[in-house]
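What follows is a single structure, written as structure tokens, with notes after it.
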Amino acid sequence: MKNWRIGLRIKLLFFSLFLFAIPYLGYQYVWELETYLRIGQEETMVGTARAVATALHERPKLFDVQSSFLANVRPGTDLYAHQIDSAIQLDGNLADWQIYKTFQLKYAEQNLIEIQQAYRPQSLSFKNMIGQYENFLYAMFEVSDDQVVFRDRNSLRIDRNDFLQIALIDVKGEFQRYAIAPMQAGWVNAYLLKAGVDSIQPERLETKIQGYWALTEKGYSIELRLPVGMMSSKIAFAITDVDDARSRFAKYTLGTADPSQPDSLGTILIPSPEIEKILQGLKYSNARVWVIDKHMRVLAKSGEIQRASGINPSDYNNLNSSWWQHIENEWLLPLYYQILTKPSFDFIDDLENAFVLDGADINEALDGTPSSLWRLSSDEKAVILSAAHPIYIDEQVMGAVVVEQTTNGIRTLRNQALEKQFHFILAVIVLGTLALFLLASRISWRIRKLRNETERAIDSSGKIVSEIQASTSNDEIGDLSRTFSNVLSKLNQYNSYLENMASRLSHELRTPVAIVNSSLDNLSLDQHSADNQAYIDRAKNGITRLSKILTNMSEATRLEQAIQTSDIENFMLDEVLIGCSEGYRMAYPKRDFALQLELEQLPISGSPELFAQMLDKIVANAVEFSADGSSIRIALTGNSRAFRIYISNQGPLLPENMQKELLDSMISVRKEQNSEQAHLGLGLYIAKMIALFHHADINIDNQTDESGVVVTISFKSS
């Protein structure tokens, strides 16, 4: 696996990542600032709720007509007039009411007023909703009736058929009852009934109450409209069911309350126009304001929560078309908002059409304690803050003011602050990182330059071939360059001395060796005793060995000179191997030489004489470390682009960790007691020098079957 090098530039770039702690600290600071802004927003909203509540304190008329005096609200009996967006078309088609479907109340067995037979849900049940638009109340009834019976055309009675009763207290405080009993589906008006709780006799037609009766698959539907000014705050609706067209016997009466009893009527809460007038001025406050009674029912509302951000949008929408703005919008802001959260003004408002509010802050306010509450919108796109303050009348809590805002304004201001801060921080990080990168590049370039000069100064065999140019810089790298140059110069001088010492020593010793040798020759001419002659022969052998040592010492130096002066020519490698193998068979008859050639007519560039000399050194080494009669194998394998020469012998294995050292100068693993000839460990070193001259790699290792040693010479075509 390749070892990845981490350079100075990578290291400095890594350490420059600590600059990103600056935006993190800035982000944390702005986040803390946002926390304080939220606390300020909370206190401001509580103050706004207190101010609105102050304008409503001790004004009982605003609440008495809204049934706030009730101790309890009866679901299904005490009704709420929802604000609707437009007038309802009275055609019996309930499609106009679909958007308000969640506000419809269902009436069934639990709402029975009179019962003459066992109740069956499929016989009679209905859904009801009350809405207000301008000065009119609208009511819808979706009735399930398995048998619709209209009023007979010749009948003066209106209670022998299916009919709707309306009971209310008018603005004068008088109890009034009305009935709608049509002869057929279509446009209807109500009949004012005569006084008396048991009377179902019509007194006159009341045209102010208008509507439409339409048949449906499940029964029929009724849409009504009546002026708000007809009533105070009490009302009841009831539907009577007749299924037998012959007997016309009333089976059930189902309704919101008993229309024959004034005391049992339910209330209807109509959002107060007086309170809404008081709240009109708050529409510029960037908040949504609710006023609720003590039963949590909405009396008035002002503002929209999507716009209730707490700040004016124009404060942060100051855009221009400058080139910087283009860069900011197209490049920087999309990058920033990978981290930041852009506030959404398009979120789901669950309370948009609410008529009853609930929450811990509202409960506390109705208990007399101002409070606030944070909540998430149902789609989790916005954080909404609400503050509630009680409204007092005669020292009693009669309702509360609820003020709502989103945190979008604060989050937008926070984002603006972070955007400006990130602009500055990004500039610091980019410039700082660029400066560090350039500095690291400059240092890295100088170090690589010094490394390359050092590598060029020494060749692959360790010989100093050039000098290092000393730097004139006064920093640490310049000082290191000058030190390297000085050290290399001294090493060059010392190596030159060592390289010339062998030839000088050989030259100086040859003369005394020749004198001693000639003297021994002269002594040999005279007659001597056997003992003296043995001493002379022993001295003669020593002088011979010393001459060979001197010859070997100068051989490496002569070889370097021969390599430098050799002419490069193309020759056939397989032919050289064949010729050398035949010579080895004659020179070493006690060894069996096996030649294996997978390639023929393989040309290489170099010197065939030097190449043969390399093979001689390797084969001589193989012969010396093999036994008589053993086999020495020479093989050429591979292809024309990459090929190898293997020279293997059977014999002792190499010592561990000595494979590479054997190719160096003056290294030998021969046993001294078995060595009768002088060995300086130069044979394989000379072979290595010749292999490098031919652009080849040479290696020596034990054979895989541990039967001996193999020398590998590897070639790769350029």
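The values are calculated or read from the model by the stated rules, or taken from the named source; none is laboratory data. Keep in mind the model is a prediction, meaning the values are calculated, not measured. Cβ coordinates were reconstructed from backbone atoms using ideal geometry, including for glycine residues, and neighbour counts include every protein chain displayed.
In table form, for the structure just shown:
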{"read-out": "Residue match in the range 650-670 (condition: modelled with pLDDT of 80 or more, under 14 Å from Leu615 (Cβ atoms) and out of contact with any Cys (no Cβ under 7 Å at 6 or more places or on another chain))", "value": "no"}
{"read-out": "Qualifying residue in the range 445-454 (condition: closer than 23 Å to Ala21 by Cα, out of contact with any Asp or Glu (no Cβ under 6 Å at 6 or more places or on another chain), among the acidic types (Asp, Glu) and in contact (Cβ under 8 Å) with a residue 12 or more places away in the chain)", "value": "no"}
{"read-out": "Criterion (under 28 Å from His295 (Cβ atoms), out of contact with any Gly (no Cβ under 7 Å at 6 or more places or on another chain) and among the hydroxyl-bearing types (Ser, Thr, Tyr)) met by exactly one of Thr412, Thr433, Thr407, Thr369", "value": "Thr369"}
{"read-out": "So Arg451, is it surrounded by fewer than 18 Cβ atoms within 10 Å (Cβ to Cβ) and either farther than 30 Å from Arg59 by Cα or among the charged types (D, E, K, R) (or both)", "value": "yes"}
{"read-out": "Test: residue in the range 201-220 that is of a type outside the set (D, E, K, R), free of Cβ contacts under 8 Å to residues at least 60 places away in the same chain and not in a strand (DSSP E or B)", "value": "yes"}
{"read-out": "Unmet criterion (only one of (1) surrounded by 15 or more Cβ atoms within 10 Å (Cβ to Cβ); (2) over 30 Å from Arg641 (Cβ atoms); (3) at pLDDT 70 or above) for Ser519", "value": "(1)"}
{"read-out": "Selected residue (criterion: farthest from Ala691 (Cα to Cα)) from residues of the range 618-642 that are of a type outside the set (A, V, I, L, M), out of contact with any Lys or Arg (no Cβ under 8 Å at 6 or more places or on another chain) and crowded, with 17+ Cβ neighbours inside 10 Å", "value": "Phe625"}
{"read-out": "Count - residues of the range 581-610 that are under 25 Å from Gly651 (Cα atoms), in contact with a Phe, Trp or Tyr (Cβ under 9 Å, 6 or more places away or on another chain) and either assigned to a helix (DSSP H, G or I) or of a type in the set (Asp, Glu) (or both)", "value": "4"}
{"read-out": "Matching residues in the range 60-90 - criterion: being modelled with pLDDT of 80 or more and either surrounded by 15 or more Cβ atoms within 10 Å (Cβ to Cβ) or not in a loop (DSSP other than H, G, I, E, B) (or both)", "value": "Gly76, Thr77, Asp78, Leu79, Tyr80, Ala81, His82, Gln83, Ile84, Ile88, Leu90"}
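Yes/no matrix, rows are residues, columns are (1) modelled with pLDDT of 85 or more; (2) surrounded by fewer than 21 Cβ atoms within 10 Å (Cβ to Cβ):
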| residue | (1), (2) |
| --- | --- |
| Glu274 | no, yes |
| Gly281 | no, yes |
| Tyr284 | no, yes |
| Arg288 | yes, no |
| Val291 | yes, no |
| Ile305 | no, no |
